[in-house]
Amino acid sequence: MAKSLTIPPLTEDLAQVLVDAATIERRVDEIAGEINRDYKDISEPLILVGVLKGSFIFLADLCRKLRIPHVVDFIAISSYGSGGDRQGNVRMLMDIREDMSGRDVLIVEDILDSGNTLAYLQRNFATRGAKSVRIATFLDKPERHKVDIKLDYMGFTIPDVWVVGYGLDYKEKYRTLPYIAQMYPVH
């Protein structure tokens with residue numbers, strides 16, 4: 001007997017569900033289909049670079065649906081100041097291990113906020129000789145952009161609110177929620 005899907009109750013921190021689990025699954029299927037189509041004639045495996053920690057669930061779901069040759073690697077970047085504010089300064093905490101020279105690279109990110117991190121990664125990977133560098137982001141907050149970034153694959157556009165779930169966290173809480181929820185304002 002099939003189990004019915006229910007949304008777990010919201011906590012005192014969470015205001016509302018913005019994107020439910022079923023909608024996320026459908027959109028990830030669609031994005032994987034687009035990537036499979038765009039890279040169907042690839043000669044070497046596509047390098048999927050997950051930006052830690054927030055992208056890991058999106059990346060896991062996405063790469064399981066890919067039918068093209070691919071490898072997975074991770075990078076850790078810091079672009080937050082000590083108070084949690086976006087500073088615009090990007091610092092690499094952990095680099096990928098794959099050699100990207102002459103290879104197609106797909107950066108997999110949880111959320112496009114200011115764009116500073118993605119702009120940094122695009123420049124960095126291009127200088128290392130990547131054949132192409134494309135971006136797949138799960139969420140986009142257009143109101144927050146400070147840098148013009150071209151997204152190749154995008155899950156959902158959301159308003160300028162703090163969100164958690166599906167890899168995104170608040171102080172390491174809520175990362176494994178199967179949906180995207182808006183948090184009440186944090187003071």
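For region 44-68, a residue qualifies if it is free of Cβ contacts under 8 Å to residues at least 40 places away in the same chain and of a type in the set (Lys, Arg), and the qualifying residues are Arg64, Lys65, Arg67. Applying the set (1) in contact with a strand residue (DSSP E or B) (Cβ under 9 Å, 6 or more places away or on another chain); (2) open to solvent by less than 60 Å² (accessible area, probe 1.4 Å) to Gly115 leaves exactly one unmet item: (1).
Of all the residues in region 112-152, those that are of a type in the set (Val, Ile, Thr) and over 15 Å from Ser79 (Cβ atoms) number 3. Would it be correct to say that Asp20 is modelled with pLDDT of 95 or more, touching a Lys or Arg at 6+ places or on another chain (Cβ under 7 Å) and either within 24 Å of Ala76 (Cβ to Cβ) or open to solvent by 40 Å² or more (accessible area, probe 1.4 Å) (or both)? Criteria not met by Asp20. One residue is enough: does region 156-166 have a residue meeting the conditions surrounded by 18 or more Cβ atoms within 10 Å (Cβ to Cβ) and free of Cβ contacts under 8 Å to residues at least 40 places away in the same chain? For region 156-166, residues surrounded by 18 or more Cβ atoms within 10 Å (Cβ to Cβ) and free of Cβ contacts under 8 Å to residues at least 40 places away in the same chain: present.
Residue by residue, here is whether (1) touching a helix residue (DSSP H, G or I) at 6+ places or on another chain (Cβ under 8 Å); (2) surrounded by fewer than 16 Cβ atoms within 10 Å (Cβ to Cβ); (3) at pLDDT below 95; (4) not in a loop (DSSP other than H, G, I, E, B) holds:
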{"site": "Met1", "(1), (2), (3), (4)": "no, yes, yes, no"}
{"site": "Leu5", "(1), (2), (3), (4)": "yes, yes, yes, no"}
{"site": "Pro8", "(1), (2), (3), (4)": "no, yes, yes, no"}
{"site": "Thr11", "(1), (2), (3), (4)": "no, yes, yes, no"}
{"site": "Glu30", "(1), (2), (3), (4)": "no, yes, no, yes"}
{"site": "Val71", "(1), (2), (3), (4)": "no, yes, no, yes"}
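Of the conditions (1) open to solvent by 40 Å² or more (accessible area, probe 1.4 Å); (2) touching a Gly at 6+ places or on another chain (Cβ under 9 Å); (3) at pLDDT below 95, Lys131 satisfies every one except a single condition; which number is it? It fails just one condition, (3).
The values are calculated or read from the model by the stated rules, or taken from the named source; none is laboratory data. Keep in mind that this is a model prediction, so the values were computed, not measured. Counting neighbours? That spans all protein chains shown, and the Cβs are built from the backbone with ideal geometry, glycine included. Keep in mind that these areas ignore ligands, DNA and RNA; they rest on the heavy atoms of the full protein, side chains included. Shrake-Rupley method; radii C 1.70, N 1.55, O 1.52, S 1.80 Å.
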